[in-house]
Amino acid sequence: MKTALILNGPNLNLLGSREPAVYGSQTLEDVKALCSHACQAQGLLLDFRQSNHEGVLIDAIHEAGLAQAAGTLAGVVLNAGAYTHTSVALHDAIKGAGVRVIELHISNVHARESFRHHSYISPVAKAVMAGFGVSGYALAIQALADMDKAAL
């Protein structure tokens, strides 16, 4: 059974209390439970992580590339938070690791501040999802499973 890595970046540990009008009232633990259910429905194991540190996220992407190459990982759902708009290093890690990534945003970043309209992740992602709230995680997991099956 393959694994789906759900990787969350900075400040996502504050879900439920940070700007609930933008991000909703569900906590990161609620998101983890949602992802667990979605992975079970798709026949995937769940690896759910969050870090406020860019290097930790990069290390996880490197590990994911190796796991995907070994046939044990379906891919990554990445909510890089603000690093989406600033991190060339995450872009390079995804490109270098050759891992399948779905870029995910809880809010519609294109309806927000202009600095959120540019993503360094999008050019190396297989797909981009934004604005579905936390239910976007389940949609992304389904898409990741479909992409993995199509690649076999």
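Bear in mind these aren't lab numbers, they're just calculated from the coordinates by the rules spelled out. Keep in mind it's a predicted model, so treat the numbers as computed, not measured. Note that we place each Cβ from the backbone using ideal geometry, even for glycine, and neighbour counts take in every protein chain shown.
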Quiz item: Fully extended, how many nm does the chain gain between K149 and K95 (0.36 nm per residue separation, minus their Cα-Cα distance)?
Solution: 17.3 nm
Quiz item: For the pair H110 and D59, what calculated FRET efficiency results from E = 1/(1 + (r/R0)^6), where r is the Cβ-Cβ distance and R0 = 35 Å, to the nearest 0.05?
Solution: 0.75
Quiz item: Which far-off residues, 5 or more places away or on another chain, put their amide H under 5 Å from the one on Q50, with H placed in the peptide plane?
Solution: N8
Exercise. Search the structure for amide H atoms under 5 Å from the amide H of N108, placed 1.01 Å from N in the peptide plane, and list their residues when 5 or more places away or on another chain.
Key: G131
Quiz item: Counting only residues 5 or more places away or on other chains, whose amide H sits under 5 Å from the amide H of G75 once H atoms are built in the peptide plane?
Solution: L5
Quiz item: How far is it, in nm, from the label point at H37 to the one at S135 when both lie 7 Å from their Cα along the line to the Cβ?
Solution: 1.1
Exercise. Return the FRET efficiency for the residue pair M1, T86: r is the Cβ-Cβ distance, R0 is 30 Å, and the value is rounded to the nearest 0.05.
Key: 0.30
Quiz item: Gain in length, A69 to L28, computed as 0.36 nm per residue apart minus the alpha-carbon separation, to one decimal in nm?
Solution: 11.9 nm
Quiz item: Taking the Cα atoms of region 3-151 alone, what are Rg (to one decimal) and Dmax (as a whole number) in Å?
Solution: 14.0, 41
Self-check item: Residue-span extension gain [L45 to R18] - 0.36 nm each, minus C-alpha spacing
Solution: 6.9 nm
